[in-house]
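In what follows, a single structure is set out as structure tokens and then discussed.
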Amino acid sequence: MKNLRFDLLLWLWSLAALCAAVAHMIMPVWTAAGTTWAPSVHWQREIAYFDLFLATLFIWAARQQDLAVKRKLVLLLCVLSLALGENHLEGWLQEAKPFHVMFAVANFLAVVWGGWACWHARVAGTCTAMKP
């Protein structure tokens, strides 16, 4: 149960990244149309590679038994989600395109969930790497 908070977040983020990678590769113009950013097939492909890398990394982390490894990767996910979410929030404030709204909210929720999971693990003392 103590891993579930981390595992579920890592798996859900990975699933979203895999779906985004497919959309960026197969439908780059459609993907860009859901944002305020100009379409660029090559830039969309680069984003897809980044998404595939992150999905692989987070799936690997979810499959690890060591809670300290999961916690470190969830902290990385929180920092990344904060940066990505801020970028989508700026796009949303410029114009409320669907992907900006969806990913600003999703990244905010990922930060809250990840922070809650890390805090809960710290308070419960279940991460051996966090003990003095």
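Output the residues belonging to region 62-89 that are of a type in the set (D, E, K, R) and either under 16 Å from Leu8 (Cβ atoms) or in a helix (DSSP H, G or I) (or both).
Matches in region 62-89: Arg63, Lys70, Arg71, Lys72, Glu86.
Please list, ordered by first then second residue, the pairs with beta carbon atoms under 8 Å, 6 or more apart or interchain, first in region 34-59 and under 22 Å from Lys70 (Cα atoms) and among the acidic types (Asp, Glu), second open to solvent by 50 Å² or more (accessible area, probe 1.4 Å) and at pLDDT 95 or above.
Asp51/Leu18
Out of the residues in region 62-121 that are within 14 Å of Arg5 (Cα to Cα) and over 17 Å from the mean Cα position of the chain (by Cα), state the one that is surrounded by the most Cβ atoms within 10 Å (Cβ to Cβ).
Among those that are within 14 Å of Arg5 (Cα to Cα) and over 17 Å from the mean Cα position of the chain (by Cα), it is Ala121.
The values are calculated or read from the model by the stated rules, or taken from the named source; none is laboratory data. These figures come from a predicted structure and were not determined experimentally. Neighbour counts are summed over all protein chains in view; Cβ atoms, including those assigned to glycine, are modelled from backbone coordinates with ideal geometry. For accessibility, only protein heavy atoms count, side chains too; no ligands or nucleic acids. Shrake-Rupley method; radii C 1.70, N 1.55, O 1.52, S 1.80 Å.
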